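**Student:** I am attaching a structure below and will ask some questions about it afterwards.
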Amino acid sequence: MRTVGFNFSKISIEKFSDKIDKLKIKTNIDISDISSVENVLLKTKNSIISVKFIYIIDYDPHFAKIELSGNILFEIEEDLAKEIIKNWKNKTIPEDFKLVLFNTILRKSNVKSLQLEDDMNLPLHISLPSLKKAEKTD
């Protein structure tokens, strides 16, 4: 399985207040659709699966909100693709595919979100590594 396409269709960020008071940052990933795509460009026997997603970072209470929507294309073995499409009819996703899917969404969306948070001067939703002064030992 490999990612053959990724794009954002909506990038939205809104800051509602300048007061940071007991801030709670929540993230959510919602899969809105999974479908099969006709493979006319790639010279492969594998299937192409399209996944539409929404990634939301909500700063509570009513401080700010980031919403990223997009589409990912995966090249997948035909048997696995059929299983994914069959399961999606019941709004379920096989665990192995779900892990790859969510990690792909998180990797791309977190980078974009960090850039937007920096541009809007919002607190970061994830901790970045930082250096600290070494403690003196006697």
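Every number in this text was worked out from the coordinates using simple rules, so none of it is lab data. What you see is a predicted model; the values in this text were computed from it and never measured. When we count neighbours, we look across all protein chains shown, and the Cβ atoms used for this are built from the backbone with ideal geometry, even at glycine.
**Student:** Would you mind checking region 15-33 for residues with the amide N under 20 Å from a putative spin-label position 7 Å along Cα→C-beta of residue 9?
**Tutor:** 28-33
**Student:** Could you state the angle between the C-alpha long axis of helix 95-119 and the longest principal axis of the C-alpha atoms of the chain, as a value from 0 to 90 degrees rounded to the nearest 10?
**Tutor:** Result, in degrees: 40.
**Student:** Once a ≥ b ≥ c are taken as the square roots of the eigenvalues of the Cα gyration tensor of region 2-119, is the result rounded (a/c under 1.5), prolate (a/b larger than b/c) or oblate (a/b not larger than b/c)?
**Tutor:** Note, shape of region 2-119 comes out prolate.
**Student:** If I stretch the segment between residue 106 and residue 27 completely, what's the gain in nm (0.36 nm per residue apart, minus their alpha carbon distance), one decimal?
**Tutor:** 27.4 nm
**Student:** Let me ask you something else. What does the highest-first list of 108-118, 12-22 look like by mean Cβ count within 10 Å?
**Tutor:** Ranking the peptides 108-118, 12-22 by packing returns 108-118, 12-22.
**Student:** With runs of 4+ DSSP H residues as the only contributors, calculate the mean residue ellipticity of the chain at 222 nm using -39,500 (n - 2.57) per run, divided by the residue total and rounded to the nearest 500.
**Tutor:** My calculation for the chain gives -9000 deg cm²/dmol from helical runs alone.
**Student:** Continuing with the same structure: Beyond 28 Å between alpha-carbons counts as too far, so tell me which of 65/89; 45/86; 10/132; 15/52 fall in that bin.
**Tutor:** Over 28 Å Cα-Cα: 65/89; 10/132.
**Student:** Distance in nm between label sites at residue 85 and residue 62, each 7 Å beyond Cα in the beta-carbon direction?
**Tutor:** 4.5
**Student:** Tell me the angle of helix 78-88 to the major Cα principal axis of the chain, expressed in degrees between 0 and 90 and rounded to the nearest ten.
**Tutor:** It works out to around 60 degrees.
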